[in-house]
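So the structure is just underneath, and the comments pick up after that.
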Amino acid sequence: MTGRVPGGVPDDLATLAALYEVQVSYVDADSRRRSASPDALRAVLGALGAPVTDLSGAVRAERLRQHLETVAPVIALPAVGSQVVAISLPHGVHPRDCWLSVQDERGETDRRRLMPSIRRPIGTFTLEGMRMERYEAQIGSPLQMLAPGYYRLRLEGAGIDTTSLVVVAPRCPVPARGWGAFLPLHALRAQGDWGVGNYPALRAFAEWVSSLGGSFVGSLPLYPLLLDGLERPVEASPYLPATRLGWNELYVDPTGLPELAASAEAKALLASERFQADLAAARRASFVDYPATMALVRRVLEPLSRVAAEHSSARREALEAFARAHPEIGAYARFRAGEAGPASSGTLPATAEGRYHLYAQWAAFEQLGEAGDGLFLDLPVGVHPQGFDAQWARGAFCDGVEGGAPPDAFFAQGQKWGFRPFHPRGLRAQRYRHLVDVLRHAMSRASVLRLDHVMGLYRLYWVPDGADATDGAYVGYRDDELRAIVALEAARTGTAVVGEDLGTVPGDVRTGMAEDRMLRSWVLQFEVSADAPLPDPPELCMASIGTHDLPRFAEFFTAPERASWRRVLGGDARRGLRMCLDHLAAGPACSMLVDVEDLWLERWPHNQPGTGPEAGNWQHRSARTIEEMTSDEEVIGAFERINALRRQEEIS
């Protein structure tokens, strides 16, 4: 008779779940242990590729596979400290008869006998009559350790020839003590915009903040969205992008592109009364109409794309060079155009639609690249389920499930976030190529990068398709490997990394963040009380008053349940805001983020979690243009005061 673990899960199912790093239970926000249902576990294991129709057979096969693995497919090692790996050899194969090779990224290889590298035997292990001898082997040496980077390890012996990716990771760069200003790009108003912010306006915003002493400007994710609405519902959330390998063409300013001078069609369109009337209406709107605004931008980009692609010129050569340098963008353009079949790297897409998407990405890359280096960008934890990335990186994503969160105090029914999660084994089998590409793309522009739901480096809550968010299970990831890749890529670009660790987060996540020198997200709204009206954040964090998912300061401050806290701060919202900003600016946090719209006590939120498009999420536009902000003495004074306190200077 099959036994059961607490929660009603059969023993074989629980054992198989453990072998696949699926948690049969978890501790919720109220410190109560919750068990995953057998149905949820079966669905999640099935999505991982486990043969759940034969549990005992699946357990046996997985145990044997792990037992016979000679070396892990990916190994994370520290840049400072012991650089050893675990190696298993079949009984009868001696280390003196094996070779160990380590190849660096330049192709230089160190090949030597395994035996001198053996530090100690771990033991003999037998399963189903198959004996394996396990050892610890030194890769680097105390006198010549492996420098940070990626290495190809190869183990050769009788009947053995296997390779692994070795990631030698430093710690994340820690930014100098400083501050930045936050305003989503879609909300950034500028004279002459097209009903949405654009990359030249972002550049102007960044230059202004820098002139006042700021280190960076922050926005919501800047990735492309699925806005055509032809075959799918329009998705305005920046946290469900079409890809995490491109930039959003919605924010391109067509009037700044060189092709405009050569396009009579585009110039005539821009000069038409109807088009100018549509632009004026878009500028007057308080909310971004994403499909309508994208249509305006596209009507001009399309003739410009034809000019760039159809005539021999230096610009066409530059477009072709861009396609060669970014084969993923060429593939993305073909995906958006519905073009079938592979194409040669560097060739332009076959259809006008494909060439438009390639050109639009090229323009976005160019204009964002001109926005400066002081950008605080946001990396979403997932991508749209109908987006490009799952097709480009086949096997790296899981079908049949979506990422989410279990029930907590904010969402009693849990959350389903709508994206397909990374397949932990599939991604690992590919040596994390797609993750590396995603990080390199983001860090190529970000001086600071926020990792949305940083707990996803450790584990992620999966909800089977068709199930409620209350009926999911946590799936574990190889956090040592994921963290090593994040730290290595960050070190290579000098990018500081901020982990979004808000809410109920296991202690090991924050321990790992501290070890990696990854900044925590510290939010005043979560920490204040009448007894502790102005608590101090930790040093290794980015401190802010709120986030894009929380009420604005003015709304938070005036809420009835905070009357006692409000009295401590004097009862006036402006005075309370200044006290909070001064406290954070003078405090120990190495980095501080200021929501610009708080400075004039804006009340409309960026996003109201748990609501849909009817709430105006991700659509609100700033009440002030950048021209008005940069001439507002009160706003300028607030930033100058913050800058002085950050620099620990005397203020008047």
For the range 605-637, what are the residues that are of a type outside the set (Gly, Ala, Ser), surrounded by fewer than 18 Cβ atoms within 10 Å (Cβ to Cβ) and either in contact with a Cys (Cβ under 8 Å, 6 or more places away or on another chain) or not in a helix (DSSP H, G or I) (or both)? 608, 609, 611, 630, 632
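One line per residue, one yes/no per condition, for (1) in a loop (DSSP other than H, G, I, E, B); (2) touching a Lys or Arg at 6+ places or on another chain (Cβ under 8 Å); (3) surrounded by fewer than 14 Cβ atoms within 10 Å (Cβ to Cβ); (4) among the acidic types (Asp, Glu):
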position: 161; (1), (2), (3), (4): no, yes, yes, yes
position: 164; (1), (2), (3), (4): no, yes, no, no
position: 195; (1), (2), (3), (4): yes, yes, no, no
position: 203; (1), (2), (3), (4): no, no, no, no
position: 206; (1), (2), (3), (4): no, no, no, no
position: 220; (1), (2), (3), (4): yes, no, no, no
Outside any loop (DSSP other than H, G, I, E, B) and touching a residue at least 60 places away in the same chain (Cβ under 8 Å): which single residue out of 456, 503, 418 fits that description? 456
Being aliphatic (A, V, I, L, M) and surrounded by fewer than 20 Cβ atoms within 10 Å (Cβ to Cβ) is the filter; apply it to the range 492-508 and report the residue that is nearest to residue 549 (Cα to Cα). 502
Please determine whether any residue of the range 391-400 is of a type outside the set (Asp, Glu), surrounded by fewer than 23 Cβ atoms within 10 Å (Cβ to Cβ) and over 29 Å from residue 498 (Cα atoms). yes
Restricting to the range 95-125, and then to whatever is in contact (Cβ under 8 Å) with a residue 12 or more places away in the chain, of a type outside the set (D, E, K, R) and surrounded by fewer than 13 Cβ atoms within 10 Å (Cβ to Cβ), can you tell me which residue is farthest from residue 515 (Cα to Cα)? 124
Identify, from the list 282, 236, the residue that is in a helix (DSSP H, G or I) and either under 30 Å from the mean Cα position of the chain (by Cα) or at pLDDT 95 or above (or both). 282
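So that you can scan it fast, the table gives a plain yes or no per residue for (1) assigned to a helix (DSSP H, G or I); (2) over 16 Å from residue 450 (Cβ atoms); (3) hydroxyl-bearing (Ser, Thr, Tyr):
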position	(1), (2), (3)
539	no, yes, no
546	no, no, no
550	no, no, no
564	yes, yes, yes
571	no, yes, no
574	yes, yes, no
List the residue pairs whose Cβ atoms are under 9 Å apart, where the first residue sits in the range 23-50 and is without any contact (Cβ under 8 Å) to a residue 60 or more places away in the chain and part of a helix (DSSP H, G or I), the second is among the hydroxyl-bearing types (Ser, Thr, Tyr) and surrounded by fewer than 21 Cβ atoms within 10 Å (Cβ to Cβ), and the two are 6 or more positions apart or on different chains. 45/20
Here is a check on your reading of the model: is residue 274 of a type in the set (Lys, Arg), at pLDDT 95 or above and closer than 30 Å to residue 419 by Cβ? no
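The values are calculated or read from the model by the stated rules, or taken from the named source; none is laboratory data. Given the structure is predicted, the values throughout are model-derived calculations rather than measurements. Virtual Cβ from ideal backbone geometry, glycine too; neighbours counted across all protein chains shown.
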